[in-house]
Amino acid sequence: MKATVIHQFGPPEVFRYEDVKQPVPGTGELLIKVAACGINRYDLYLRMGAVFTDIVFPHVLGADVAGSVAAVGPGVSGWREGDRAIVAPGYPVDPGDANVRPENRAPSFEVTGTHTWGGNAEYIRAPARYVLRDETGLPAEQVAAMPLVLMTAMHAVETLGEVRGGTRILIQGGASGSGNACVQVAKALGAKVATTVGSSAKAEWLVRESILAPGVGADLVINYNERNFADEILDWTDGVGVDVVIDNVGASVFEDNLKSLRVGGIFVNFGLVGGMKATLNIRELFFRQHQLRGSFMGSIDELKRGLKLLTDGKVKAVVDRTYPLKDAADAHRYIDSRAVRGKVVLIP
Ligand SMILES: NC(=O)c1ccc[n+]([C@@H]2O[C@H](COP(=O)([O-])OP(=O)(O)OC[C@H]3O[C@@H](n4cnc5c(N)ncnc54)[C@H](OP(=O)(O)O)[C@@H]3O)[C@@H](O)[C@H]2O)c1
């Protein structure tokens, strides 16, 4: 089969589009023909060797797979060739962890395509227990844009953020793949949403999106290059601060994130594009009784609930661009440019 492969860590130029051996599904596994594979910033980190250094080369990236069953491995029932399928974007890779709940707390839980081959290929094999039926009725590129960010958003916003109707929430990076999914999930839960972007073009795009799909967009879009977002949030909340902050940026906005949070508010972080090391004022932490929570991916149940929102049209897949699989390097460069609005998807 054709795959976009890396033989070493490095810049996008390390991608090679080449023939590799097609995987054969083992016991309990399915072979999925990949119709589309979404890219996440995680793939860029993995490609650069910034997350794990123990990747065995050649390696195939790609966590977000939409496709159809091409072959059913021994011991698998209930699946037939041609069934539309979504591979879970993360799961416990050690079968000994199969009963750990939630799955994202299992010791061997990892993002799909980390130590096993991912979906930047014509085929991927995966344990049948972590393959979901695709009941969205949407085109494959839209489906492939969403599983990882929906799983993440359900866990961060609904479970850890405890967001309900009327919750006031600040979500960083509203035009980013993960931030946009969080905005949409929060809106679907009935929250009042403020979000940040780095350009007026992105701000206009977010507003336009909400006109196109009423109720989906954010209530307040802040271009942080025009005004300090914490000041804007304090104005928006009459000086009180929001109930919840969802952060995928990290160190560069940490202090202002906590400034934006009300007394007793919940802070959830799941990302670090703006740096890893921040300074925490302990006095402020306990005086203001902030709840700091770390979030990594989500459970299979959360993924299913997120996909149900997609199927029901309560969140929509936001695909900025698609690229042929052989052009994965261009797709990664585009994501690196920070111009992306929503998701970028590869088509084999
Ligand atoms: N833990 C988890 O479960 C999980 C799941 C999904 C994502 N993540 C993490 O969340 C972060 C975002 O991922 P994503 O896939 O949503 O990314 P993305 O779609 O590539 O968006 C990243 C956006 O972050 C903003 N940004 C702010 N400061 C930045 C900086 N210093 N460098 C680059 N971009 C910066 C940019 O938007 P503006 O220019 O508008 O500011 C950029 O477009 C990553 O750290 C990723 O690993 C974690």
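Here are a few things to note about the model shown:
- When E209 is tested against the conditions (1) within 16 Å of the ligand (Cβ to nearest atom); (2) in contact (Cβ under 8 Å) with a residue 60 or more places away in the chain; (3) under 21 Å from F296 (Cβ atoms); (4) buried (at least 21 other Cβ atoms within 10 Å of the Cβ), the lone failure is (3).
- The single residue among R288, R333, R283 that is surrounded by fewer than 14 Cβ atoms within 10 Å (Cβ to Cβ), modelled with pLDDT of 95 or more and among the basic types (K, R) turns out to be R283.
- For G62: the one exception among (1) within 16 Å of the ligand (Cβ to nearest atom); (2) on the phi < 0 side of the Ramachandran plot: (2)
Listed here are the residues, each with its yes/no results for (1) touching a residue at least 24 places away in the same chain (Cβ under 8 Å); (2) part of a helix (DSSP H, G or I); (3) under 21 Å from N40 (Cβ atoms).
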residue	(1), (2), (3)
D235	no, yes, no
G239	no, no, no
K277	yes, no, no
K304	yes, yes, yes
H332	yes, yes, yes
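- Qualifying residues in the range 155-173 (those that are closer than 26 Å to A201 by Cβ and in a loop (DSSP other than H, G, I, E, B)) - the one farthest from the ligand (Cβ to nearest atom): Q172
- Some residue of the range 279-289 being within 14 Å of the ligand (Cβ to nearest atom) and of a type in the set (F, W, Y): no
- Of all the residues in the range 174-192, those that are within 13 Å of the ligand (Cβ to nearest atom), of a type in the set (A, V, I, L, M, F, W, C) and outside any helix (DSSP H, G or I) number 1.
- Pairing each residue of the range 158-174 that is in the same structural domain as V197 (by TED's automatic domain parsing) with any residue that is among the aromatic types (F, W, Y) and within 11 Å of the ligand (Cβ to nearest atom), provided the two are 6+ apart or on different chains, yields C-beta distances under 8 Å for L170/F229.
- Under the condition of being closer than 18 Å to E158 by Cα and not hydrophobic (A, V, I, L, M, F, W, C), the residues counted in the range 279-294 number 4.
- Test: residue in the range 67-84 that is more than 14 Å from the chain's Cα centre (by Cα), within 16 Å of the ligand (Cβ to nearest atom) and either part of a loop (DSSP other than H, G, I, E, B) or farther than 28 Å from Y334 by Cα (or both): no
- Only one of A339, A230, A328 that is more than 25 Å from E162 (Cα to Cα), away from the ligand (no atom under 14 Å from the Cβ) and not charged (D, E, K, R): A328
- Evaluation of E302 against (1) among the acidic types (D, E); (2) surrounded by 14 or more Cβ atoms within 10 Å (Cβ to Cβ); (3) more than 19 Å from P89 (Cβ to Cβ) (one fails), failing number: (3)
- Residue that is farthest from T167 (Cα to Cα) [pool: residues in the range 233-279 that are among the acidic types (D, E) and over 20 Å from the mean Cα position of the chain (by Cα)]: E255
- Residue within the range 290-301 that is assigned to a helix (DSSP H, G or I) and either at negative phi or in contact (Cβ under 8 Å) with a residue 24 or more places away in the chain (or both) present: yes
- Every residue from the range 306-330 that is touching a residue at least 24 places away in the same chain (Cβ under 8 Å), farther than 23 Å from A3 by Cβ and part of a helix (DSSP H, G or I): G306, L307, L309, L310, T311
- Scanning the range 220-252 for residues that are modelled with pLDDT under 95 and among the aromatic types (F, W, Y) yields nothing.
Okay, residues lined up against (1) buried (at least 17 other Cβ atoms within 10 Å of the Cβ); (2) in contact with a Lys or Arg (Cβ under 9 Å, 6 or more places away or on another chain); (3) in the same structural domain as S176 (by TED's automatic domain parsing):
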site	(1), (2), (3)
Y42	yes, no, no
D54	no, no, no
V60	yes, no, no
D64	yes, yes, no
A71	yes, yes, no
G75	no, no, no
E81	no, no, no
I86	yes, yes, no
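The values are calculated or read from the model by the stated rules, or taken from the named source; none is laboratory data. Here the structure is a predicted model, which means the values were calculated and not measured. Reconstructed Cβ throughout: ideal geometry from the backbone, glycine too, with neighbour counts over all protein chains shown.
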